[in-house]
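Quick notes on the structure that follows.
The values are calculated or read from the model by the stated rules, or taken from the named source; none is laboratory data. Since this is a predicted model, take the numbers as computed values, not measurements. Cβ sites come from the backbone with ideal geometry, for glycine too, and all protein chains shown count toward neighbours.
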Amino acid sequence: MKNFVSKLWAILSVFLLLGSFIMGEQLQNMLMKAPFMRIDPYFSGGEVEQTLDMGAFTVNIHEKTFPALIGEADEGFRQITIIKNDTAITRYDIARFAADSTTRVEITDNTPRVTSGGKTTVINEVGVSGGKLIFRIPLTKNTAFNP
């Protein structure tokens with residue numbers, strides 16, 4: 001009986017392996033939507049906490065994230081994703097908006113500026129991909145904003 005089960009398992013494994021190559025993208029999408037799977041916030045930016053409609057742009061403000069292997073780190077970030085609704089982002093000026101109760105963001109001449117506690121700092125974008133602009137506001141647990 002053991003011999004039969006082991007051979008059956010080996011045959012099924014070959015079909016599962018082939019199926020994973022053939023259905024790779026669909027399998028990946030199905031696993032990503034599974035309730036027990038969670039994408040690392042360092043790559044995804046964390047859950048979207050608030051969405052602002054600013055006409056030509058949609059702004060997604062992600063939750064504060066302090067990624068660590070176990071627990072939370074002392075330093076983290078808040079990701080802001082800006083999506084241009086009609087075409088790719090090449091030049092962008094976006095009116096001032098609130099990332100949270102103490103932090104304001106304004107983008108002029110392709111330069112994101114963050115104001116918190118009366119202090120304004122220029123932050124770098126993480127990436128521009130077609131119709132998306134991504135940047136991250138650095139944070140520490142002790143202060144809301146740490147330029």
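Filtering segment 32-49 to residues that are within 27 Å of residue 98 (Cβ to Cβ) and not in a loop (DSSP other than H, G, I, E, B) leaves 41, 42, 43, 44, 48, 49.
Across segment 84-103, the qualifying residues are those that are of a type in the set (Val, Ile, Thr) and assigned to a loop (DSSP other than H, G, I, E, B), and the one among them that is modelled with the highest pLDDT is 102. Within segment 22-30, not a single residue is assigned to a strand (DSSP E or B) and under 18 Å from the mean Cα position of the chain (by Cα). The one condition from (1) among the small types (Gly, Ala, Ser); (2) in a loop (DSSP other than H, G, I, E, B); (3) more than 19 Å from the chain's Cα centre (by Cα) that residue 13 does not meet is (2). Quick check on residue 116: is it free of Cβ contacts under 8 Å to residues at least 60 places away in the same chain, loosely packed, with under 15 Cβ neighbours inside 10 Å and not assigned by TED's automatic domain parsing to the domain that holds residue 17? Considered against the rule, which asks whether it is free of Cβ contacts under 8 Å to residues at least 60 places away in the same chain, loosely packed, with under 15 Cβ neighbours inside 10 Å and not assigned by TED's automatic domain parsing to the domain that holds residue 17, residue 116 comes out as no. Here's a check for you: in segment 126-147, which residue that is surrounded by fewer than 13 Cβ atoms within 10 Å (Cβ to Cβ) and assigned to a strand (DSSP E or B) is modelled with the lowest pLDDT? Among those that are surrounded by fewer than 13 Cβ atoms within 10 Å (Cβ to Cβ) and assigned to a strand (DSSP E or B), it is 129.
Is it the case that segment 72-88 has a residue that's exposed (fewer than 12 other Cβ atoms within 10 Å of the Cβ) and of a type in the set (A, V, I, L, M, F, W, C)? Checked against the condition, which is being exposed (fewer than 12 other Cβ atoms within 10 Å of the Cβ) and of a type in the set (A, V, I, L, M, F, W, C), segment 72-88 yields at least one hit.
I'd like to check something: does segment 62-70 contain any residue that is in the same structural domain as residue 134 (by TED's automatic domain parsing), assigned to a strand (DSSP E or B) and loosely packed, with under 11 Cβ neighbours inside 10 Å? The answer is no, given that none of the residues of segment 62-70 is in the same structural domain as residue 134 (by TED's automatic domain parsing), assigned to a strand (DSSP E or B) and loosely packed, with under 11 Cβ neighbours inside 10 Å. Between 8, 52, the distinction of being outside any loop (DSSP other than H, G, I, E, B) and either without any contact (Cβ under 8 Å) to a residue 40 or more places away in the chain or among the acidic types (Asp, Glu) (or both) belongs to 8 only.
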